[in-house]
Amino acid sequence: GLHTLYAFSAEISAIKSAVSEELLAHIRYAWWEESLAMLEGGKSPRAHPVLQSLAPMLAAEHIAADAPAAIIMQHRSHY
């Protein structure tokens with residue numbers, strides 16, 4: 001679970017350096033938020049390796065349900 005959470009954090013951390021405009025960063029953050037909401041709603045994860053690894057960890061409660069959202073909010077607030 002910890003490796004999955006680190007991979008998720010790395011994906012979110014990379015957003016700021018991967019885009020040239022703040023709006024594009026917020027679009028990417030929103031994609032991740034929507035993806036997490038889909039998992040919470042019981043839907044299958046999107047075709048992204050980190051999401052596919054995160055889904056069973058969240059379902060089995062090996063990772064706190066609010067941890068990924070907190071990571072997104074932390075990075076989003078620093079943009």
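Please name which of 3, 49, 59 has its Cα lying farthest along the dipole of the chain towards the positive end, using unit charges on Cβ (Lys, Arg +1; Asp, Glu -1) and the Cα centre as origin.
Farthest towards the positive pole: 49.
How large are Rg and Dmax for the chain when only the alpha carbon atoms are used, in Å?
According to the Cα coordinates of the chain, Rg and Dmax are 12.1, 37 Å.
Give me the net charge of residue 27's neighbourhood, meaning all other residues with Cβ under 12 Å from the Cβ of residue 27; Lys, Arg count +1, Asp, Glu -1.
Computed value for this residue: -2.
On C-alpha positions alone, give me the angle between the axis of helix 22-40 and the longest principal axis of the chain, in degrees, nearest 10.
10 degrees
Can you show me the helix-derived [θ] at 222 nm for the chain, built from DSSP H runs with n ≥ 4 at -39,500 (n - 2.57) apiece and divided by the number of residues, rounded to the nearest 500. It would help to have the intermediate numbers written out before the result.
Numbers: 4 runs with 58 residues, N = 79.
The helix-only estimate for the chain comes to -24000 deg cm²/dmol at 222 nm.
Mind pulling the angle between the C-alpha long axis of helix 49-59 and the longest principal axis of the chain? Nearest 10 degrees, somewhere in 0 to 90.
The angle comes out near 50 degrees.
Within the chain, list the trypsin sites (Lys or Arg not before Pro) lying in a DSSP loop whose Cβ has at most 16 other Cβ atoms in a 10 Å radius.
43, 46
Coordinate-derived values only; no laboratory data. Treat the numbers as computed from the prediction; the structure is a model and nothing was measured. Don't worry about glycine lacking a Cβ; one is built from the backbone with ideal geometry, like all the others, and counts go over all protein chains shown.
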